[in-house]
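The values are calculated or read from the model by the stated rules, or taken from the named source; none is laboratory data. Model, not experiment: these values are computed from the prediction. Cβ: placed from backbone, ideal geometry, glycine included. Neighbour counts: every protein chain shown. Heavy atoms of the whole protein, side chains included, go into the accessibility calculation; ligands, DNA and RNA do not. Shrake-Rupley method; radii C 1.70, N 1.55, O 1.52, S 1.80 Å.
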Amino acid sequence: MNLPDVKDVLAWMAGDVSRREVIFSMVGSSESRVGVNALWVLTHSDKVHDEWLRSKQDVLIDHLLAETNVAKRRMLLQLLRNQEYDKDSMRADFLDFCLSKINAECEPYAIRCFSMYCAFKMCRHYSELLEELKIHLSMLATQSLSPGLKSALNNINSAINKMER
């Protein structure tokens, strides 16, 4: 699927929740290519779909935690990175997943970056979790970081510093 195809699918699903649901149902397809293409479409969706995707947060997390395909995990995390996390409905399994990926040098940079952002969005509600996140982030100092990881680390550290003022 190329970008013009993605734009055609986005135009097809614009303003029609049932069509969005069709695309979303393909995310969990046993056919890997179908799931990857569906996620690629969703990562290109407009801001108008953000609230609808937010309503799918638990399903996206369930898919992520069960997924073995790296491309699908990256796109699931990309969708989840753009969401907000409620203080009272935070999922510990998702937080544990994200924290475990931050320093996992065997993981692709995008998965590590998106995991950092998601972990921060969850941890910022609780001082003890924020301290745990800071420990994970401090361990990055012993690693050689890509420009993307450095940027994510700087952005999150800056946001933490603003909160602590």
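Over region 58-123, what relative contact order in percent results from Cα pairs under 8 Å that are six or more residues apart?
Numbers: 55 pairs, mean separation 23.5, N = 66.
Over region 58-123, the number comes to 36 percent.
Using helices alone, I'd like the mean residue ellipticity at 222 nm for the chain: each DSSP H run of four-plus residues gives -39500 (n - 2.57), total over residue count, nearest 500.
On the way: 10 runs with 116 residues, N = 165.
Roughly -21500 deg cm²/dmol at 222 nm, from the helical runs in the chain.
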Spherically averaged projected area in nm², based on the convex hull that wraps the Cα atoms of region 94-146: 3.3 nm²
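Provide the FRET efficiency to the nearest 0.05 for the Asp8-Asp58 pair, computing r from the beta carbons and using R0 = 30 Å.
0.55
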Neighbourhood charge, 15 Å Cβ-Cβ cut-off, centred on Leu129 and excluding it, Lys, Arg +1 and Asp, Glu -1: -3
Region 91-165: GluC sites (Glu not before Pro) in DSSP loop, at most 16 other beta carbons within 10 Å: Glu105
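Using a probe radius of 1.4 Å on heavy atoms only, what accessible surface per residue do you get for region 26-70? Whole Å² is fine.
54 Å²
With a ≥ b ≥ c the root eigenvalues of the C-alpha gyration tensor of region 38-132, is it rounded (a/c under 1.5), prolate (a/b larger than b/c) or oblate?
In terms of gyration-tensor shape, oblate.
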Region 33-82: C-alpha gyration tensor shape, a/c 1.5 cut-off, then a/b vs b/c: oblate
Accessible area of the chain belonging to carbon and sulfur atoms, whole % at 1.4 Å probe: 52 percent
Where labels lie 7 Å past Cα in the beta-carbon direction, separation of Ala66 and Val17 in nm: 2.4 nm
Length released on extending from Lys87 to Asn161, taking residue separation times 0.36 nm less the Cα-Cα span: 24.7 nm
Shape call, region 1-92: gyration tensor on alpha carbons, a/c limit 1.5: oblate
